[in-house]
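Undergrad: The structure is given below, and queries will be raised subsequently.
FYI, it's all coordinate maths here, none of it is from the lab. Here the structure is a predicted model, which means the values were calculated and not measured. Cβ atoms come from the backbone with ideal geometry, glycine included; neighbour counts cover every protein chain shown.
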Amino acid sequence: MSEVNTFPAGFMWGGAVAANQCEGAEDRGLCVSDMAPHGVRGPYVDQQVPDEYYPHQVAVDCYHRYLDDMDLMAKMGMNCFRISIAWSRIFPRGDEEEPSEKGLAFYDRLFDRMLEHGIQPIVTLSHYETPLYLVDHYGGWRNRRMIGFFLNYCQAVFKRYHNKVKYWLSFNEMNNLLDYYFVAGGFRIAEGENEAEAMYQAAHYMFVASARAMALLRSIDPTCKYGCMVNSSTLYPATCNPEDVFGAYCGRRRKYFFMDVQVNGRYPTYIYRIWRENNVHLETRPEDFEALAANTVDFISFSYYRSNTYEHGKQTGSDTGGFISEPNPYLERTAFGWQIDPLGLRYVCNEITDLFHKPLLIAENGMGTYDVMNDDGTIDDSYRIDFLKRHLLAIYEAIQDGCDIMGYTYWGPFDIVSAGTAQMSKRYGFVYVDRDDEGHGTLERRKKKSFDYYRDVIATNGAVL
Ligand code: BG6
């Protein structure tokens, strides 16, 4: 690539993690993600039992190692980094009136270290981290009282950090409520209950909470920016059968619904039919709609991992990577079966731009797979370099298409616990962490080959691609 082909000046290059997947649970209350036994994608357990191993309890010990990890990220030249605050570190139960000073001080130290390195923090307020106490005692986000608890938490962190953190995201991948409601929305559904109604009710309270949090942030510091975060791994029609084409369109729209409400401040018309057909009746108040209309996001952030195909009558739900489907014969897949589709990322950037006309932050993208350490301790993850390169080139093309892309935060730049399977062996990092699926290992950090590659990409603002 020649000089003319670098990314725009000021492009945000970084990484992204979530508290529950990296920090460990010391000095905090349990949250929904802690209820995943290793190697399992749900059902999450209701209670932990003594003999089972729960990987999030230690994760990769960022509670004690975050500052060193930030030094490593700085060596790659990152100028931003997305973390989440563990809500249950600030309010261990979730319904306390006063925040934990120890919890607040922990993130002060982290933000200070990031800023010393010129790394702009981007903070997700809730990344699959609803305090478990709120689920067990209040029913989680199915209960309107959650809005108040969430605002109390937001008030504490906005007031404390607004000078250090200028970019805030509300709920991680709210659209994963569709299949993943316990972690994404912190609630349970009893046998025989109307799932759709429970899900859309929780979504309504989360939309209102997010809008009111935005109003709060603006009143505390109008220089801060607030965005939504939606899983946007995409869906193609499997054939040109109009049923497949329209089905894929409806599938994408079910995801974009969660952007639509937060960007446009009202429910889109198509949702009323979905509610009618699923017997969904929501508890709402007039002031809810006023809050939604008055507080629309400044930017859109999203995750993109893969594309899938929709074949009429064959849809089977989704997981952390997006829809699940039959293999697409045009695409390769990772060892975990996730289809590798860089052009899909360009497609998604363009589609979201056409629909919503907002700045975009690619808040998650990456390759989770098995890595092998050679006898000399090196890890040659050339496949990850190839993945990264092709996806960054796709972003470059999307920028040329006219998309306003603020930045790119690669998912899991040091290995962390997988959200979908609670495994360590599903690794995304440019930095290897010595820990296995059973919790053995020194937790030592070690650079992989991709570390230097991402460093060179950032140093040249993309010219090295
Ligand atoms: C996203 C989540 O859905 O996908 C992350 O926001 C998650 O928390 C990421 O880790 C990758 O999924 P997984 O299951 O490979 O960890």
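Undergrad: Reported to two decimal places, what Rg/Rh ratio describes the range 7-133 when computed on Cα atoms with Rh from the Kirkwood expression?
TA: Values: Rg = 15.6 Å, Rh = 15.4 Å.
When Rh is taken as the Kirkwood radius, the ratio is 1.01.
Undergrad: Can you give the convex hull volume of the alpha carbon atoms of the range 198-336 per residue, in Å³? Don't skip to the end; give the middle numbers.
TA: Details: hull volume 18.7 nm³, N = 139.
So the per-residue hull volume is 135 Å³.
Undergrad: Mind listing the Cα extents of the range 250-326 along all three principal axes, in Å, largest one first?
TA: Each principal axis gives a Cα extent; for the range 250-326 these are 44, 32, 18 Å.
Undergrad: A follow-up question, please. Which value, in debye to the nearest 20, gives the size of the charge dipole of the chain about its Cα centre, when Lys and Arg are +1 and Asp and Glu are -1 at the Cβ? Please report the intermediate quantities before stating the final value.
TA: Values: 46 positive and 63 negative charges, 229 e Å.
Charge dipole, the chain, about its Cα centre: 1100 debye, nearest 20.
Undergrad: Oh, and also: What is the antiparallel percent of DSSP beta bridges lying wholly in the chain, to the nearest 5? Write down the numbers at each step before the final one.
TA: Details: 8 of 45 bridges.
Here the share of antiparallel DSSP bridges comes out near 20 percent.
Undergrad: OK, next. Can you list, bin by bin at 10 Å, the percent of alpha carbon pairs in the range 183-266, starting at 0?
TA: Result returned by the calculation: 14, 34, 32, 16, 4, 0.
Undergrad: For the chain, just run the numbers: alpha carbon Rg, then divide by 2.2 N^0.38 Å, N being how many residues it has. Mind showing how you got there, number by number?
TA: Details: Rg = 20.8 Å, N = 465, 2.2 N^0.38 = 22.7 Å.
Dividing the Cα radius of gyration by 2.2 N^0.38 Å gives 0.92.
Undergrad: Here's another thing I want to ask about it. Return the percentage of antiparallel bridges among DSSP beta bridges fully within the range 1-149, rounded to the nearest 5 %. If you can, show how the numbers build up before the last one.
TA: Values: 1 of 9 bridges.
Taking every DSSP beta bridge within the range 1-149, about 10 percent pair in antiparallel fashion.
Undergrad: Can you list the lysines whose alpha carbon is less than 25 Å from that of residue 159, not counting same-chain residues fewer than 8 positions off?
TA: Those lysines meeting the cut-off are 102, 225.
Undergrad: OK, next. Between residue 162 and residue 400, what length in nm is gained on full extension when 0.36 nm per residue of separation is reduced by their alpha carbon distance?
TA: Details: separation 238, 0.36 × 238 = 85.68 nm, distance 3.32 nm.
The residue 162-residue 400 span can extend by a further 82.4 nm.
Undergrad: Moving on. Along each of its three principal axes, how wide is the spread of alpha-carbon positions in the range 73-195, in whole angstrom units, largest first?
TA: 53, 30, 17 Å, listed from the longest principal axis down.
Undergrad: Treating only the Cβ of Lys, Arg, Asp and Glu as charged (+1, +1, -1, -1), what charge dipole size does the range 9-62 show about its Cα centre? Round to the nearest 20 debye. Each step should come with its number before you reach the end.
TA: Details: 2 positive and 8 negative charges, 60 e Å.
With only Lys, Arg, Asp and Glu charged at Cβ, the dipole is about 280 debye.
Undergrad: Work from the charge dipole of the range 407-465 (Cβ charges, +1 for Lys and Arg, -1 for Asp and Glu, about the Cα centre) and give the residue of 418, 460, 407 farthest towards its positive end.
TA: Looking along the dipole axis, the top candidate is 460.
Undergrad: Further question: Hey, how many Å between the Cα centroid of the range 395-442 and the Cα centroid of the range 109-123?
TA: 19 Å
Undergrad: Got a sec? Charge dipole of the chain, +1 on Cβ for Lys and Arg, -1 for Asp and Glu; which of 374, 310, 396 is way out at the positive end?
TA: Toward the positive end, the furthest listed residue is 396.
Undergrad: Mean projection of the alpha-carbon convex hull of the range 130-238 over all orientations, in nm²?
TA: Working: hull surface 33.6 nm².
Average projection, Cα convex hull of the range 130-238: 8.4 nm².
Undergrad: What is the Cα coordinate range of the range 323-465 on the first, second and third principal axes, sorted by size from largest, in whole angstrom?
TA: 47, 39, 26
Undergrad: Calculated FRET efficiency, residue 272 and residue 324, Cβ-Cβ r, R0 35 Å, to nearest 0.05?
TA: Working: r = 28 Å, r/R0 = 0.79.
FRET efficiency, residue 272 to residue 324: 0.80.
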